[in-house]
Amino acid sequence: IARNLFEMSKLNTKSVSIVIGEGGSGGALAIGVSDRVAMMRYSVFSVISPEGCAAILWNDPSKQESATKAMKITSEDLLKLNLIDAIIEEPLVGAHRDKESAAKALGIYFTKCLEELDQLSNDERLAKRYERIVSIGAYEER
């Protein structure tokens, strides 16, 4: 997974990732190395399922609700944490019930991102992607 993420981060092509349902596991990590990352309003994005997290932390998969809250996997949580760039609104009846409106919203976001990325040189775009990736998380040296 680490080698794939490293190689993907260096790809000299524009990349836009959009979580439309559930983004999880190694795939969630891969989604994060794009030039732009967005989520549909009611999607979730994490490196482990809430059930898996609950099983590891509390040895009890039934504590998935507590794990979900602790993991901060909603679009609003991840936007506040600067892990995604945007939230794409879903139709009031849900993206799965109004696929046409959902696809239109995705298309508008995707087109806007490509127009923004077209304004950057390849070197600028790759530098911004690198800055985005290394800015994720925090650490403290002691």
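FRET efficiency for the D123 to W58 pair, using the beta carbon distance and R₀ = 41 Å, is estimated at 0.30.
Remark: for residue pairs K80/K112; K10/K69; K69/K128; K14/K80; K63/K112, the C-alpha separation exceeds 28 Å in K10/K69; K69/K128; K63/K112.
Its Cα gyration tensor gives segment 1-69 an equivalent ellipsoid, and the semi-axes of that ellipsoid, as √(5λ) in whole Å with the largest first, are 27, 15, 6. Database remark: amide H of F45 closer than 5 angstrom to the amide H of G23 (H placed geometrically; neighbours at sequence offset of 5 or more, or on other chains; Pro and chain starts carry no H). Can you give me the long-range amide H partners of D85? Hydrogens built in the peptide plane at 1.01 Å from N, cutoff under 5 Å, separation of 5 or more residues or another chain. For D85, whose amide H was placed from the backbone, the distant partners under 5 Å are V37, A38. Using a 10 angstrom cutoff on alpha carbons, build the Gaussian network for the chain and name the most mobile of E89, E116, E22. Per the Cα network of the chain with a 10 Å cutoff, E116 tops the list. Rolling a 1.4 angstrom probe over the protein chains, ignoring ligands and nucleic acids, what is the accessible area of E51 in square angstrom, nearest 10? Its accessible surface works out to 80 Å², give or take rounding.
Computed as a quarter of the hull surface, the mean projected area of the alpha carbon convex hull for the chain stands at 10.5 nm².
Using the Cβ-Cβ distance between A103 and K80 with R0 set to 25 Å, the FRET efficiency works out to roughly 0.40.
Stretching I136 away from V93 to a fully extended chain increases their span by 12.1 nm, per 0.36 nm per residue minus the current alpha-carbon distance.
If you take the Cα centroid of segment 2-52 and the Cα centroid of segment 53-107, the two points sit 13 Å apart. Taking chymotrypsin sites (Phe, Trp or Tyr not before Pro) as exposed when DSSP calls them loop and at most 15 other C-beta atoms lie within 10 angstrom, the chain has its longest site-free stretch at 43-138.
Hey, in the GNM for the chain with a 10 angstrom Cα cutoff, which one of G52, G24, G32 fluctuates hardest? So, out of G52, G24, G32, the one fluctuating most is G52. So what's Rg/Rh here for segment 56-133, counting alpha carbon atoms and using the Kirkwood radius for Rh? Reported Rg/Rh (Cα atoms, Kirkwood Rh): 1.11. A simple rule links phi to the HN-Hα coupling: the Karplus curve 6.51 cos²θ - 1.76 cosθ + 1.60 with θ = phi - 60°, which for segment 123-130 gives 5, 5, 5, 5, 5, 5, 4, 4 Hz, with x for Gly and Pro.
The values are calculated or read from the model by the stated rules, or taken from the named source; none is laboratory data. If you're wondering where the values come from, they're calculated on a predicted model, not measured in any experiment. In this analysis, Cβ positions are derived from the backbone assuming ideal geometry, glycine residues included, and neighbour counts consider all displayed protein chains. Accessible surface areas use protein heavy atoms only, side chains included; no ligands, DNA or RNA. Shrake-Rupley method; radii C 1.70, N 1.55, O 1.52, S 1.80 Å.
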